[in-house]
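Below is one structure, written out as structure tokens; the observations come after it.
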Amino acid sequence: MIRWDGVETVLLDMDGTLLDLHFDNQFWLDFLPRRYAERLGCPEPEARQRLLARMEALRGTLDWYCLDQWSEALGLPLAELKHELTHLIRYRPGAEDFLRALGQAGLRRVLVTNAHWDVLRLKLERTTVGDHLEAVFSAHDFGRSKEDPAFWEALLAVEPYRCETTLLLDDNADVLASARRAGIAQVVGVARPDTTRPPRQAPGFVVVEAFEDVLPPVRPGRATP
């Protein structure tokens, strides 16, 4: 599973890793198609098909994650609409305890997310995630998604981690592959990003089933808040 010996930095994804992806799935696959259908004045299945086609065309790019781009393309205020589902924003089981355990082990905890800053701020406000981190970075800071190898080069310039002592946790297999190509020593997936859906695998990668099964050992004298 995870080899904690020698790990100094843990890079953590947000949506589907620390936070339940159910919020995002509900917004993009259910709530937004309904609102888009209302704007177009067409049946919801037609609006959903149009939306999914747009999403597929942009998958893996920074525009896929950009609320400004989607707001302009769909003619809807996405940042405002996301506030209507904030009751669904929550940790994945065991995620907060895992973050605390990383701190108690004296490891540097760095959030690296593709999320647009409007969404990132909303989730930091609605959860305690930010209380357990030493640094936070959005792909929008660098103009590259995490699926792009150039993202890791840009991140390294401002967060000088050592690849050989770094672990990445992320629910996106394409991101895991990109990070592995960038030389990050351990890249680990998440089995159930959306807790309301069946578990999934990431072929070729170690996958975490439950955070309580992979807690790091406490390192006396190295604990952080």
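Values for this structure:
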item	result
Single residue of Arg200, Arg180 found to be surrounded by fewer than 18 Cβ atoms within 10 Å (Cβ to Cβ), at pLDDT 95 or above and not polar (S, T, N, Q)	Arg180
Within region 188-207, tally of residues that are of a type in the set (Gly, Ala, Ser) and out of contact with any helix residue (DSSP H, G or I) (no Cβ under 7 Å at 6 or more places or on another chain)	2
Residue in region 110-148 that is surrounded by the most Cβ atoms within 10 Å (Cβ to Cβ), counting only those that are more than 27 Å from Thr165 (Cβ to Cβ) and touching a Lys or Arg at 6+ places or on another chain (Cβ under 8 Å)	Val119
Subset of region 164-187 (residues that are touching a helix residue (DSSP H, G or I) at 6+ places or on another chain (Cβ under 8 Å) and closer than 26 Å to Gly106 by Cα)	Leu168, Asp170, Ala179, Ala182, Gly183, Ile184, Ala185, Val187
Residue that is surrounded by the fewest Cβ atoms within 10 Å (Cβ to Cβ), among those in region 17-53 that are in contact with a Leu (Cβ under 7 Å, 6 or more places away or on another chain) and among the polar types (S, T, N, Q)	Gln26
Matching residues in region 156-172 - criterion: being touching a residue at least 12 places away in the same chain (Cβ under 8 Å) and farther than 16 Å from Glu8 by Cα	Val158, Asp170, Asp171, Asn172
In region 173-217, the residues that are of a type in the set (A, V, I, L, M, F, W, C), out of contact with any strand residue (DSSP E or B) (no Cβ under 7 Å at 6 or more places or on another chain), closer than 19 Å to Thr9 by Cβ and not in a loop (DSSP other than H, G, I, E, B)	Val175, Phe211
Helices (runs of 4 or more DSSP H) contained entirely in region 25-131, each with at least 3 residues that are more than 30 Å from Glu8 (Cβ to Cβ) and of a type in the set (Lys, Arg)	32-40, 44-58
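The values are calculated or read from the model by the stated rules, or taken from the named source; none is laboratory data. Every value quoted in this text rests on a predicted model; they were computed, and no experiment measured them. Every residue, glycine as well, gets a Cβ built from its backbone with ideal geometry; the counts of neighbours run over all protein chains shown.
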